[in-house]
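Read the structure below first, then the notes.
The values are calculated or read from the model by the stated rules, or taken from the named source; none is laboratory data. Remember, it's a predicted structure, so these values are computed and weren't measured experimentally. Here the Cβ positions follow ideal geometry from the backbone for every residue, glycine too, while neighbour counts run over all protein chains shown.
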Amino acid sequence: MAKDISLKQVATYWPLYFFVLPSALLVATFSYFPAASAIYHSVFRWNGNYIKIFIGTSNFQKSLGTPAYWVITLLLTMIMIYNSQKPTLFAKVTKWICGLGFPLVNLVVLSRLYPPTGLTPAAMLIPGITWVGLWLFFRWRMDADSEYKGVLNFTISFLGGASLFMALGLNDVLAWSLSTFMVGLGVWFLPPRTEKVPMLDGMRISQALAGVGMMVWSLAQNAGGEVALWSGFGVIAALVLANLLKMVPSIVTAVVINRLKSEASNYWYRVLFVVPMIIPGMVGLLIWKFFFESTGLFNLILRETGIMHLLYLFDAKTGNGVFLDKAQAAAMSTSEIFAAASEATPAWLGNPDLVLPAFIVWGFPWVGVVGVLIYLAGLQSIDSSVYEAADLDGVGAVGKFLNIELPLILTQVRINLVLLIIGTLQMYGQVLILFGDGGGPNGRMMVPGLLMYRSAFVEGYAGYACAIGLILFFLILVLTEINNRFVRVEK
């Protein structure tokens, strides 16, 4: 535990600080000095060597576009995050601005930039049936007095509404902004059905953060910034969401290992999960690259299990043109589509439409070695008396996980969440090794880290690369602050 030290004690024990001095100097030299250098050189036209011309904020304007929009958005967002837990009128107004004002601005501006034309209400039928079916299923499985009913309605309304509006034919950002605005009206102004709705404040904060996300998405497309940079952030956003789901298998695996009654089995399972850590990452990368080749194992598994047939059928019926040409698919019967799927060998890492799904599938079944060990350490710290009390109350395996194990390892989950977001935002080495500095087919995987590398070491714009690095830094800082404030750990 941290302890205050008086000046008198410092004067007495000052020789002890010499033991800390070498580490402090090393950290300052190899961590803080490069960071300070990046901040300094971000305002220069610098090639990393002898060319250094002061250009002010031009690097940031090139990447962000109109800087005033970003400054206003960032300022309001930080004020909202800082005051989110305060029950004041000012805090509520800032959440209204983020949750309702931002989507409303998007609706007004984007409806003029992308006026809705050729809307097809019939296209809303399938997504409508899908989302209503999901809502009915979860309502059926949910207890009558469950506190999660409001969360279910909020989630289905937000995701389902955006899906319906996009199916109708609206622009993507316009559709999500409209869904965010309508959900915001519901969570902020519709009276709750009960005197106290659990998690209502959490839903309001989530809606406000979604409004910020819509504004950032809109600015990324329309503020005149670097197109490759913001398309790369779109790829990162998809990978972050996928990686959040990939945390589940690691948690489940750790729970299963922890529940093994045999100490020998528990020990050997832990050893088996440590062994892959000694295998060089390059080996695993090349194995997965071979796995995704046209004649590789992945296509073989998809064909033999019939999944490829379903993918081809869905592609033909929706007219996406990923696997089959749209005109060709329109003239093909179901049997002809299945025949084509039986011989299909799509290039997952060579098709711009398939490379991102391939990166999401990458690493299946997504049981992370480090994640399992971190969760396992948290689970093994739970006292056995808690399980004994649960057994006496007749709590089942699922109940123990939801009510005992998951709440008590939320500290580990939050740590892994922060590391996951930071690691995904900084990712570029895997893409560089697989595709070079071009970012894959049509630059589809040109993530911000790779663009920063390319700008500095290929194109000679090291100052611009420093500016991109600062943007990444502030984004990581904001996301980490959101995680620390809203992912609560109460034991």
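Summary of computed values
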{"read-out": "Any hit, segment 115-124, residues being in contact (Cβ under 8 Å) with a residue 60 or more places away in the chain and either surrounded by 15 or more Cβ atoms within 10 Å (Cβ to Cβ) or not assigned by TED's automatic domain parsing to the domain that holds Leu174 (or both)", "value": "no"}
{"read-out": "Residue in segment 93-114 that is assigned by TED's automatic domain parsing to the domain that holds Met215, among the hydroxyl-bearing types (Ser, Thr, Tyr) and outside any helix (DSSP H, G or I) present", "value": "yes"}
{"read-out": "Criterion violated by Leu260 - all others in (1) outside any helix (DSSP H, G or I); (2) crowded, with 17+ Cβ neighbours inside 10 Å satisfied", "value": "(2)"}
{"read-out": "Listing of helices (runs of 4 or more DSSP H) fully contained in segment 309-419 that carry 2 or more residues being under 29 Å from Val240 (Cα atoms) and in contact with a helix residue (DSSP H, G or I) (Cβ under 9 Å, 6 or more places away or on another chain)", "value": "355-361, 369-380, 397-400"}
{"read-out": "Unique residue being more than 24 Å from the chain's Cα centre (by Cα) and either outside any loop (DSSP other than H, G, I, E, B) or at negative phi (or both) when the list is Ile79, Ile129", "value": "Ile129"}
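Yes or no, residue by residue, for (1) within 20 Å of Val478 (Cα to Cα); (2) modelled with pLDDT of 80 or more; (3) of a type outside the set (A, V, I, L, M, F, W, C):
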position: Arg204; (1), (2), (3): yes, yes, yes
position: Val216; (1), (2), (3): yes, yes, no
position: Ala228; (1), (2), (3): no, yes, no
position: Phe233; (1), (2), (3): yes, yes, no
position: Leu239; (1), (2), (3): yes, yes, no
position: Lys246; (1), (2), (3): no, yes, yes
position: Ala264; (1), (2), (3): no, yes, no
position: Val274; (1), (2), (3): no, no, no
position: Ile279; (1), (2), (3): no, no, no
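Conditions (1) at pLDDT 85 or above; (2) within 24 Å of Leu100 (Cα to Cα); (3) touching a Ser or Thr at 6+ places or on another chain (Cβ under 8 Å), marked per residue:
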{"residue": "Pro116", "(1), (2), (3)": "no, yes, no"}
{"residue": "Leu136", "(1), (2), (3)": "yes, no, no"}
{"residue": "Met142", "(1), (2), (3)": "no, no, no"}
{"residue": "Lys149", "(1), (2), (3)": "no, yes, no"}
{"residue": "Ser157", "(1), (2), (3)": "yes, yes, yes"}
{"residue": "Gly161", "(1), (2), (3)": "yes, yes, yes"}
